[in-house]
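What follows is one structure encoded as structure tokens, with my remarks underneath.
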Amino acid sequence: MYLFMPTLVYSKKDCVKNHFREIALTGEKAMIVTGKHSSRKNGSLDDVSAVLNQENISYIIFDDIEENPSVETVMRARELAVSENVDFIIGIGGGSPLDAAKAIALMAANPEANEEVLYQSNALPYLPIICIPTTCGTGSEVTPYSILTLHKQKTKKSISHKIFPTLALLDTKYLKTANRSCIVNTSVDALAHLIESYLNTNSNSLNRIYSEQGLRMWAEFKDNLKNDTLSEKDYERMLHTSMVAGIAITHTGTSLPHGLSYAVTYELGVPHGKAVGMFLGGYVDNYKDKNEAGKVLELLGFSNAKEMRCYLNELLGKTELSPELLSANADSILANKGKLKNYPFKITKEELINMPN
Ligand code: NAP
Ligand code: ZN
């Protein structure tokens, strides 16, 4: 058993402004890594820029991170980071900019290395990273993972390096500009992290502290999420649940729903949380240890797996997957020892094909 969560986290209203000291102590020249629009709309980019200006820390902005960021984008940002001599990275946004920030921090600290090192497991240094999440799903602000799109392999894959952010600053106000589908999809991603961490080969009574508590927290906003009646308190719960779910998968990894989702996102452009959510009901329903699956349902306040499947279908809507995609996806999971090892039982191709809700 082990527990390791080295990221310093503050969650408070105006925490970017109020933690200017920690930001200023992280380095002398920053690269802000973000998406095209949302951080301008929700005020997070202005808040960070104001602190850096106030503290006389120079910075550059790389605002070209796409959803499901690619290795190519990371390499473009690395070139700029190296030529501008930046010594720390600030990721602002959903999981895409935060994941990209980690990979850029690694590549920038190893300016001679080519992109292949992203998927080699030798230990390498990386620049310090500050993460400011503006969605409520990935928990990337506390996880060591960075998932990149590999166009050459037509899929997405976690890089081989474990890169924890130094500092995470959580402020609910940045969530407020997110539309309903972004809130729904990212909350379901957090739910998937909790379930896949709890029902996982690597789960144990110590690391289940996080998944169990996260499942209880998710249950508290479940009805308001479905009925579109989220309160101020719910937004805070969602942001915190996402972070707790991130700590949970830090200790266990994810499992089959995540593995099955990557091709759905790559081939059909389905957002990450929605793609993962398509397999969640089936994962719990068919989980071979019925006691453990029952515990998950109980913590979430569902009376049985069918009720959970209906809830998810209503929340996410149905996406039809072709038999060809399902078959190819099942084959690729069966060939992926890394993902299979997190699932404690044997699984057949037919069971994988039948997993969608
Ligand atoms: P995302 O891809 O980061 O963002 C999705 C969309 O939401 C973008 O269009 C973005 O706009 C917009 N957006 C972000 N924050 C917003 C806000 N506050 N208001 C309005 N719009 C906002 O979405 P995500 O689901 O958070 O991240 C998904 C990625 O994270 C995937 O690549 C997934 O594989 C990865 N992931 C990582 C981990 C991990 O542990 N590291 C875990 C799970 C998933 P802009 O582009 O303009 O910013
Ligand atoms: Zn996820």
*Taking the range 92-150 only, how many residues are open to solvent by 40 Å² or more (accessible area, probe 1.4 Å) and among the charged types (D, E, K, R)?*
3
*Right, L230: assigned to a helix (DSSP H, G or I) and away from ligand 1 (no atom under 12 Å from the Cβ) or not?*
no
*asked:* Being closer than 16 Å to L239 by Cβ and not basic (K, R) narrows it down to one residue among T34, T7, T26; which is it?
replied: T7
*Please determine, by comparing only the residues of the range 89-136 that are over 21 Å from the mean Cα position of the chain (by Cα) and of a type in the set (A, V, I, L, M), which one is farthest from L239 (Cα to Cα).*
A113
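So, restricting to strands (runs of 3 or more DSSP E) that lie completely within the range 1-91, which ones have at least 1 residues that are open to solvent by 50 Å² or more (accessible area, probe 1.4 Å) and touching a residue at least 60 places away in the same chain (Cβ under 8 Å)? First the steps, then the outcome.
On the way: elements: 8-11, 29-34, 58-62.
Qualifying strands (runs of 3 or more DSSP E): 8-11.
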*Candidate set from the range 258-273 (those that are within 11 Å of ligand 1 (Cβ to nearest atom) and part of a helix (DSSP H, G or I)); member that is farthest from the chain's Cα centre (by Cα)*: Y266
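Please determine whether any residue of the range 216-234 is within 26 Å of K346 (Cα to Cα), out of contact with any Cys (no Cβ under 8 Å at 6 or more places or on another chain) and within 16 Å of ligand 2 (Cβ to nearest atom). First the steps, then the outcome.
Step one: filter the range 216-234 for residues within 26 Å of K346 (Cα to Cα), giving none.
The answer is no, given that none of the residues of the range 216-234 is within 26 Å of K346 (Cα to Cα), out of contact with any Cys (no Cβ under 8 Å at 6 or more places or on another chain) and within 16 Å of ligand 2 (Cβ to nearest atom).
Yes/no matrix, rows are residues, columns are (1) open to solvent by 20 Å² or more (accessible area, probe 1.4 Å); (2) farther than 22 Å from F279 by Cα; (3) outside any loop (DSSP other than H, G, I, E, B):
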site	(1), (2), (3)
K173	yes, yes, yes
N200	no, no, no
I209	yes, yes, yes
L215	no, no, yes
_Out of V276, V296, V244, I need the residue that is farther than 26 Å from Y2 by Cα and either part of a helix (DSSP H, G or I) or within 16 Å of ligand 2 (Cβ to nearest atom) (or both). Which one?_
V276
*In the list L340, L268, which residue meets the criterion of being in contact with a Leu (Cβ under 9 Å, 6 or more places away or on another chain) and under 27 Å from G94 (Cβ atoms)?*
L268
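The values are calculated or read from the model by the stated rules, or taken from the named source; none is laboratory data. These figures come from a predicted structure and were not determined experimentally. Methodologically, a virtual Cβ is constructed for each residue, glycine included, from the backbone with ideal geometry; neighbour enumeration extends over all protein chains shown. Note: areas computed on protein heavy atoms with side chains; ligands, DNA, RNA excluded. Shrake-Rupley method; radii C 1.70, N 1.55, O 1.52, S 1.80 Å.
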